[in-house]
Amino acid sequence: YAKFDNIVTVSLDCKKNLITKFPNLKDKMLVLPNIVDRDYIIQSVKESQGEVFDKDVINIVSVGRLTKEKGGDLAVDVCKMLLDKGYNIAWYWVGDGNQYKYLSEKIKKLRIQDRFYLVGNKINPYTYMKNCDIYVQPSYYEAYCTTTNEARILCKPIITTDVGGMREQFIDKYTALISKIECESICENLEKLIIDDKLRKSLEDNLKNKN
């Protein structure tokens, strides 16, 4: 690192962590968040035929690799908790990865195959994002999450865990609900959004104003 002219991190959190390891190089460190093409996302939504969700349920979407850090296990457990509480929901996870088999078996074990769907990779995941009622990012850690940035562009009600870069993207309770990295906290925030459609609308409107 000492031989580089600059060291670029994707978030302030990453920069802070790197400074703790290499404090003498802090003057070389810059922050450049992951770049997202807003126009491409908007155009992709316009060109899509629209994902057909059951409008009689609250449709929740998560997008990301099916790997440990993305928190697929948290999502499955929270889905089960909400169903046990009597909420009429369906949860769609867009993406694939090395936890597909594990999560598939977990879903079957909990007997929620008809409510939690692993839909795999999609060329155009934005149609799922745009048409969902709530977007959830249950990650264990992130540097600067791209999918929440995409959901933010689409002005969706968003719940995310309190991981790297999220407080740079969102204001808690104003443009998103930021949860602890635990099932109970994610579930609690989801209940708030499921019950309170005015809160969902408020988050959407605040994102539109900030965008």
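The values are calculated or read from the model by the stated rules, or taken from the named source; none is laboratory data. The shown structure was predicted, so the numbers you read here are calculated from the model rather than taken from an experiment. Backbone-built Cβ (ideal geometry, glycine too); neighbour counts: all protein chains shown. Calculation scope for accessible area: heavy atoms of the full protein, side chains included, ligands and nucleic acids excluded. Shrake-Rupley method; radii C 1.70, N 1.55, O 1.52, S 1.80 Å.
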**OP:** Identify, from the list LYS80, LYS108, LYS70, LYS55, the residue that is of a type in the set (Lys, Arg), open to solvent by 40 Å² or more (accessible area, probe 1.4 Å) and within 27 Å of ASP162 (Cα to Cα).
**Re:** LYS80
Subject >> Unique match (being among the basic types (Lys, Arg) and on the phi < 0 side of the Ramachandran plot) among LYS210, LYS173 >> reply: LYS210
Subject >> Residue ID - modelled with the highest pLDDT, chosen from residues in the range 9-52 that are of a type in the set (Val, Ile, Thr) and open to solvent by 80 Å² or more (accessible area, probe 1.4 Å) >> reply: THR20
Original post:
What's the number of the condition TYR128 fails, among (1) part of a helix (DSSP H, G or I); (2) in contact with a helix residue (DSSP H, G or I) (Cβ under 6 Å, 6 or more places away or on another chain); (3) closer than 24 Å to LYS46 by Cβ?
Top reply: (2)
Subject >> Subset tally (residues that are open to solvent by 10 Å² or more (accessible area, probe 1.4 Å) and not in a loop (DSSP other than H, G, I, E, B)) for the range 137-176 >> reply: 9
**OP:** Give just the number: which of (1) surrounded by 22 or more Cβ atoms within 10 Å (Cβ to Cβ); (2) more than 30 Å from ASP39 (Cβ to Cβ); (3) aliphatic (A, V, I, L, M) does ILE195 not satisfy?
**Re:** (1)
Subject >> Among residues of the range 133-159, those that are at pLDDT below 95 and closer than 17 Å to GLU191 by Cβ, counted >> reply: 0
Original post:
Mind checking whether some residue in the range 180-201 is in contact (Cβ under 8 Å) with a residue 12 or more places away in the chain, assigned to a strand (DSSP E or B) and not aromatic (Phe, Trp, Tyr)?
Top reply: no
